[in-house]
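This report refers to the structure that appears directly beneath it.
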Amino acid sequence: MSAEDLPEESVMRIGKRCFVGNLAWRVSWQDLKDTFRDVGNVVYANVMKDDNDRSKGWGIVEFETPEEAVRAVNELNGVELSGRKMLVREDREDRDVKQYNRENGIPNSRSRRGGPPPRAQGRGTRAPPPAEGKSSGLQVVVHGLPWSYKDDDLYAMFEEFGAIDHAEIAYGWDQRSRGYGTVRFSDVDSVTEAIKSFDGYELEGRRVTVKLDKYA
């Protein structure tokens, strides 16, 4: 779908920024800018880094217009950059989207990048409380995560599928990631989409598996 195919309101709400995941460690903000300028006028590009100045494997690209952001998602999602296939989608923290929502009385979804996760605001069919020893149908276990991923990164990875109650990385006794985590959604439709989209996905050289949590 192109920007021309979208109603004006939809284009406005998409905003001008894209989230770019699964970046190779050596990719810099300049590499991002050079890659994304093929689809539009890039006014801002940044690769997020940890406290040790190492790439966290994701970044943000902002364009001059929402139409250019739509084109970036359509044309660059899944394209290889430095040996890895980029994950390109709209940035849910886009300030233009939030301003538009405020002006039109639309609640903004809250990301772990900007505060605590939303509670029980999901769309779709809610599952009943689980019986003892049975799955609620709302939680997934995600294996094969990059070792550098923290709770915020896991949350950002899955937030496009619906409201998330929590996203947690499992840590060992040494406080290092064990390479897996859990994500709990507020509706079962989001779980289905998350599994369909990310089960078997390659992320930073690791094969991600996403399965329904049978015990939560």
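What follows is calculated from the coordinates using simple rules that are stated; it is not laboratory data. Just so we're clear, the structure is a prediction, and the values are computed from it rather than from any experiment. Reconstructed Cβ throughout: ideal geometry from the backbone, glycine too, with neighbour counts over all protein chains shown.
A few remarks follow.
- For region 133-208, fraction of C-alpha pairs farther apart than 22 Å, in %: 19
- Theoretical FRET efficiency, 1/(1+(r/R0)^6), r = Cβ-Cβ of Asp165 and Ser197, R0 25 Å, to 0.05: 0.85
- In order through region 41-47: 3J(HN,Hα) via Karplus (6.51 cos²θ - 1.76 cosθ + 1.60), integer Hz, x for Gly, Pro: 7, 7, 9, 7, 8, 8, 10
- Computed FRET value (nearest 0.05) for Lys33 with Asp189, which takes r as the C-beta separation and R₀ as 45 Å: 0.80
- By the rule of a C-alpha distance below 20 Å, with chain neighbours fewer than 8 residues away ignored, the lysines paired with Lys56 are Lys33, Lys85, Lys150.
- Contour minus Cα-Cα distance for Tyr180 and Ser148 (0.36 nm per residue): 10.4 nm
- Environment charge of Trp25, counting only residues whose C-beta is closer than 12 Å and scoring Lys/Arg +1, Asp/Glu -1: +1
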